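Have a look at the structure below, then the notes.
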Amino acid sequence: MKKETTFRDRPINMDKEGHRKWIYAKQPKGKLFKRRTLVAYLLLAFFVAAPFIKINGHPLMLLDIVERKFIIFGAIFWAQDTFVLALLMLTFVLFIVVFTVTYGRIWCGWACPQTIFLEMIYRKIENLIEGDYKIRRKRDAGPLNFDKFWRKMLKHLVFMTISVLIVNTFLMWFIGPDKLWIFISRPVSEHLTGFLIMLFVSALIYWIYSFFREQICTMVCPYGRMQGVLLDKKSIIVAYDYKRGEPRGKGDGDCIDCGNCISVCPTGIDIKNGTQLECTNCTACIDECNSVMTKIKKPEGLIRFDSVDGIEQGNAKVWNGRNKAYTAVLLVLFSFFVYTLVTRPIVETTILRNPGSLYQTQENGQISNVYNIKIVNKTYATKNLRLELISHKGTIQMAGKEIKLDEHALYESIFVLFLDEDDLDGSLTDVEFGVYEGSELLEKYELSFVGP
């Protein structure tokens, strides 16, 4: 009789009535977990240290939305850089797509802030205060006593404190540590709205990592839902080698059906059932299975990084021509990102003819147009600039003596351009200006000149 095949119609952490099933995950151990911990701590160190790191006295990272100023690895972007930022965003999206098609959800398990905060901070504190997963499950199922009460209170007090610290660290990415210190040192009444927003976000972070937890990955995050579209049979995933492992238990397969891979999974799935939306490729099941294989004197890798094709064809070699080609595409995209940063103009000039004004005929027969000019200094140095007409012989009369911009400053003014009528090409003449610093031409700008 053929065995009936069934499929899940709900997340693993939900029962038939739609109620939450709490996940008690065993603390992982093994080589991959040590590497993942190292990566997580390096990223956490960057998260905390980045707002304090300065290059020539300027922040490494600053996302100042109020001032519309974004500093990314020392390169400053203004509102006038919208096109460049759009290109970078498009490159980033393409990078995500190609990266996921090639390497699966390794981002989720190794670098996602949700995973890092939950697994490397909150769960470790929970294990330290309340014990391992078996003790926590037994204690939670039992009555409320003093031991249970003080452990829960201490854990949640620490969780609240960490949530506030995370939010304030995150806030430094937007306002900088100096402004944050000003807010902290002054009375709350001077910035009550900001203080209440900080408390609200801290409470949200506390709720997510204390109660909502893995449901962010399974129910909220769109990236997990996208993987079903992005992954294919050649994508590298955390996979169970069913050819080697089946039949389980007392059969001829290497899998002894111990269930350890399920107990260590932070989302509670059984990886032996194949790729599932809850799997974040955290590799905890790989370490656990390798530990079991060592104990029963079987080769490691029953659960490993591989593709569906690799499992089906018995080819354990993950690095193939397709992955190399896609990796080359990733390098091209990253190179484009670096190229955009390096070649971005150091000043941004905008010249527009004064709205509503027509040409004027001067007493000497010359024709004049009035223009508005804006120049943004995107560097950390003071710029002494001058505006010259490149395309024609004419005269520029500025409403001011000099164009001097301090670092990150904006220059705004009006100027009048005078041209001989003989140099005009009709009612509209294309003219070209040059913005110079000394003898160096920094930027060219073209627009029209209105004549009779």
> Do you know which residues across segment 274-301 are open to solvent by 30 Å² or more (accessible area, probe 1.4 Å), in a helix (DSSP H, G or I) and without any contact (Cβ under 8 Å) to a residue 60 or more places away in the chain?
Replying inline: T294, K295
> Within the set of pairs 6 or more residues apart or between chains, which connect a residue that is touching a residue at least 40 places away in the same chain (Cβ under 8 Å) and under 9 Å from I116 (Cα atoms) inside segment 36-47 to a residue that is open to solvent by 40 Å² or more (accessible area, probe 1.4 Å) and of a type outside the set (A, V, I, L, M, F, W, C) with Cβ atoms less than 9 Å apart?
Replying inline: L43/P113
>> Being open to solvent by 60 Å² or more (accessible area, probe 1.4 Å) and either of a type in the set (S, T, N, Q) or closer than 30 Å to I76 by Cβ (or both) narrows it down to one residue among F183, F174, F211, F200; which is it?
In response: F183
> Going by the conditions given, is K374 open to solvent by less than 60 Å² (accessible area, probe 1.4 Å), charged (D, E, K, R) and closer than 19 Å to Y445 by Cβ?
Replying inline: no
> Hey, G426 hits all of (1) in a loop (DSSP other than H, G, I, E, B); (2) farther than 23 Å from P452 by Cα; (3) not hydrophobic (A, V, I, L, M, F, W, C) but one; which does it fall short on?
Replying inline: (2)
> Taking only pairs six or more apart or across chains, which ones have beta-carbon atoms under 6 Å, a first residue in segment 143-165 that is open to solvent by less than 100 Å² (accessible area, probe 1.4 Å), and a second residue that is among the aliphatic types (A, V, I, L, M) and assigned to a helix (DSSP H, G or I)?
Replying inline: R151/I129; L154/I129; K155/I129; V158/I125; S163/I205
> Does H392 satisfy the condition of being closer than 15 Å to E348 by Cβ and in a loop (DSSP other than H, G, I, E, B)?
Replying inline: no
> When segment 28-40 is examined, which residues are found to be in a loop (DSSP other than H, G, I, E, B) and loosely packed, with under 15 Cβ neighbours inside 10 Å?
Replying inline: K29
>> Testing L389 on (1) at pLDDT 90 or above; (2) touching a Gly at 6+ places or on another chain (Cβ under 7 Å), one condition comes back false. Which one is that?
In response: (2)
>> Conditions first: (1) closer than 20 Å to V450 by Cβ; (2) open to solvent by less than 40 Å² (accessible area, probe 1.4 Å); (3) part of a strand (DSSP E or B). Q397 passes all but one, so which condition is the exception?
In response: (2)
> What pairs can you find where one residue is in segment 83-104 and farther than 26 Å from L277 by Cβ, the other is open to solvent by less than 70 Å² (accessible area, probe 1.4 Å) and of a type in the set (S, T, Y), and their Cβ atoms are less than 7 Å apart, with a gap of 6+ or different chains?
Replying inline: V84/T340; L87/T340; L88/T340
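The values are calculated or read from the model by the stated rules, or taken from the named source; none is laboratory data. Owing to the predicted nature of the structure, the values given are computational and were not obtained by experimental measurement. Here Cβ is always computed from backbone atoms with ideal geometry, including for glycine, and neighbour counts include all displayed protein chains. Just the protein is used for accessible areas: all its heavy atoms, side chains included, with ligands, DNA and RNA removed. Shrake-Rupley method; radii C 1.70, N 1.55, O 1.52, S 1.80 Å.
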